[in-house]
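Have a look at this one before I ask anything.
Bear in mind that the values in this text are calculations on the coordinates, not laboratory data. Computed from a predicted model, the values in this text were never measured in an experiment. FYI the Cβ positions are ideal-geometry reconstructions off the backbone, even for glycines, and counts take in every protein chain you see.
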Amino acid sequence: MTATMKSFAELGISAEVQRGLTDLGYEEPTPIQEQTITLLMSGSDITAQAQTGSGKTAAFGIPMIEKIDPADRRPQGLVLCPTRELAIQVADAIHAMGKHRNITITPIYGGQPYERQFRALQRGIHIVVGTPGRIMDHMRRGTISFDAVKFVVLDEADEMLDMGFVEDIEFILDAVPDERQIALFSATIPPRIAALSRRYLRDPLRISVDRDSLTVPSITQVYYEVPNHAKLDVLGRILDVEDPGAAIIFCRTKRDVDELVQSLQGRGYSAEPIHGDITQQQRERTLKRFRDKQTDVLVATDVAARGLDIPDVSHVINYDVPDDPDSYVHRIGRTARAGKEGDAITLVAPRELRQLRFIERTIGKRIKQLRVPTLADVEARRRQAFKESIVKELHGDALAPYLLLVDELAEEFDPVEIAAAAIKIATGGTGAAAATPEVKRRNDHTMAGDGVGAEPGMIRLFINIGRQDGVRPGDFVGAIANEAGIAGKEIGAIDLFDTYSFVEVPQAIAPRVVAALGHTTIRGRAVNAEIARPK
Ligand code: ADP
Ligand code: MG
């Protein structure tokens, strides 16, 4: 944060609210908070654009709390949110910020019994946070009145419009007193939001974070180029090597999410889905398990995950390249929140490269390409982790019961060898901790392949079929020449093994050959070609 940054006190926030912020661990305002709090306290309408994770809740929550007259127990503040989860989160956050001012607040959302909401409303509350549909229901039933509302916030306005809430929002805004203040918060300002703002806001001040700073620098953004069919395998390696504390993986469709969750679970990762077909009850349970670190990986669609405050995500992984730059920004905004650091990793199939370049141009930043981790990297990482766990034990003080046995063995054997034998048993003899990792999956090119062996200017491709599939060298020449449109003589050495093969092609056209082979079959087998990496 820059030196010109104001403190919460300098923004004119009351001592009670400052105490609430301290309880929450907020030390200084985020940029959006610094820009909006004073304006909102002075009574202006605003349209504010800021990315997910920039701290919008406090940006409107603090001025709203300050404006409430605690003696008047009618709703004075109203916050509209797109989803039930968000309504609950925003209500919780504002409650915490306002707790030393005795502000009462309640979330109102679909799916919760009306009875419970009536009772809360009857007790008298200062701030209502809810989804437009359910709030409108209460208005129609006459169980909620906005006669005393002074301040309305539209949170995640673009999302509410995407969800078809525009008429409900208009109905609600038409029903609040004329003498009210409105703040509209949105990650993007499409024309429909601008129109809504023109219609309801009075001389709104527009606050926006410019494009260049849309993605925060503490997010490390990288991508791996991976053919679609190899994505699952590569994802597994990334998870193994990166060992994320908590990761969220984005997929384009619900089906992709379900399939990926199945595959990840099958490979022993604790992954759970978040998408539109997951009931809200399930979603809340999933989120809770994720927050409690019982689940390592959430797999989500964009829409379902938008606006959810999922704390401490160390990694955002895009299983595919999002359709537009805004969703890319939304997605990666799930990590590195509030000053933490985070990694955003995108898996890019060859045909998604153009879309990635478009995103880079829009966000004004190059995304770095990384080499796909090899099995050797994965093994090295496991070995490292195992080593760390041993060192941790050595620093601990709970070894006494085992020392007796070691002493006994040491009368006959060398302590170093005893340790080696114990490690072998502990790792199930898998070689996981061995110095030269054994190659278990022989058909994995990344271990067996040796790209260094190619002729200058040529590159070795690993291909997932071999002699056992009845393949002969001529099959590769034919397929590559036909599919990639290159002359047979340009193809270099072809090495056939039982279950896989290596084919050398000119480096310059290797990506084309890889892409072309990905669409073809040889001897009835789907082909997967990848650039073979040296060890
Ligand atoms: P947005 O609505 O812009 O996506 P949130 O209001 O949900 O962002 O805030 C994102 C995270 O940052 C939350 O966990 C919140 O508690 C935290 N946060 C917000 N403001 C601050 C601050 N001034 N200092 C530290 N953490 C903050
Ligand atoms: Mg928010």
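For region 234-268, list residues with backbone N below 17 Å from a point placed 7 Å from the Cα of Q282 toward its Cβ?
It comes to 251, 253-266, nothing else.
I need the GluC sites (Glu not before Pro) found in region 18-115, filtered to DSSP loop residues with at most 14 other beta carbons within 10 Å of theirs.
In loop regions of region 18-115 (DSSP not H, G, I, E or B), the sparsely surrounded GluC sites (Glu not before Pro) are E27.
Loop only per DSSP, at most 14 neighbouring Cβ atoms within 10 Å: give me the GluC sites (Glu not before Pro) in region 130-237, ordered by residue number. All intermediate terms of the calculation are to be shown ahead of the outcome.
Values: sites: E156, E159, E167, E170, E179, E225; in loops: E156, E179.
Those that pass, being in a loop and sparsely packed, are E179.
Would you calculate a helix-derived [θ] at 222 nm for the chain, using -39,500 (n - 2.57) for each DSSP H run of n ≥ 4 and dividing by the full residue count, to the nearest 500?
-12500 deg cm²/dmol
Could you compute how fast region 451-531 diffuses translationally, taking Rh as the Kirkwood radius over C-alpha pairs and applying Stokes-Einstein at 20 °C with viscosity 1.002 mPa s? Give it in µm² per second. Write down the numbers at each step before the final one.
Details: Rh = 12.1 Å.
Translational D for this selection: 176 µm²/s.
Rg and Dmax of the chain over Cα atoms: what are they, in angstrom?
28.8, 91
Quick check: residue separation of A421 and Q384 times 0.36 nm, minus the Cα distance between them. What number comes out in nm?
Details: separation 37, 0.36 × 37 = 13.32 nm, distance 1.81 nm.
Between A421 and Q384, full extension yields 11.5 nm more.
Using 0.36 nm per residue, how much length does the chain from A175 to T22 gain when fully extended, once their Cα-Cα distance is taken away?
So the extension gain works out to 51.5 nm.
Scan region 316-388 for trypsin sites (Lys or Arg not before Pro) in coil per DSSP, keeping those whose Cβ has at most 13 other Cβ atoms within 10 Å, and list them by number.
Working: sites: R331, R334, R337, K340, R351, R354, R357, R361, K365, R366, K368, R371, R381, R382, R383, K387; in loops: R334, K340, K365, R366, R371.
When the trypsin sites (Lys or Arg not before Pro) of region 316-388 are filtered for loop state and at most 13 Cβ neighbours within 10 Å, R366, R371 remain.
If you average 1/r over all unlike Cα pairs in region 231-303 and invert the result, what Kirkwood radius do you get in angstrom? Please list the in-between numbers first.
Working: mean 1/r = 0.0815 Å⁻¹.
Over region 231-303, the inverse of the mean reciprocal pair distance is 12.3 Å.
Quote to one decimal, in nm, the extra length available between R523 and R472 on full extension: 0.36 nm per residue of separation minus the C-alpha distance between them.
Working: separation 51, 0.36 × 51 = 18.36 nm, distance 0.96 nm.
Computed gain between R523 and R472 is 17.4 nm.
Using a simple spin-label model with points 7 Å from Cα along the Cα→Cβ vector, what separation in nm is obtained for A195 and E411?
9.0
Collect residues whose amide H, placed 1.01 Å from N in the peptide plane, falls under 5 Å from the amide H of R206; neighbours closer than 5 in sequence don't count.
T47
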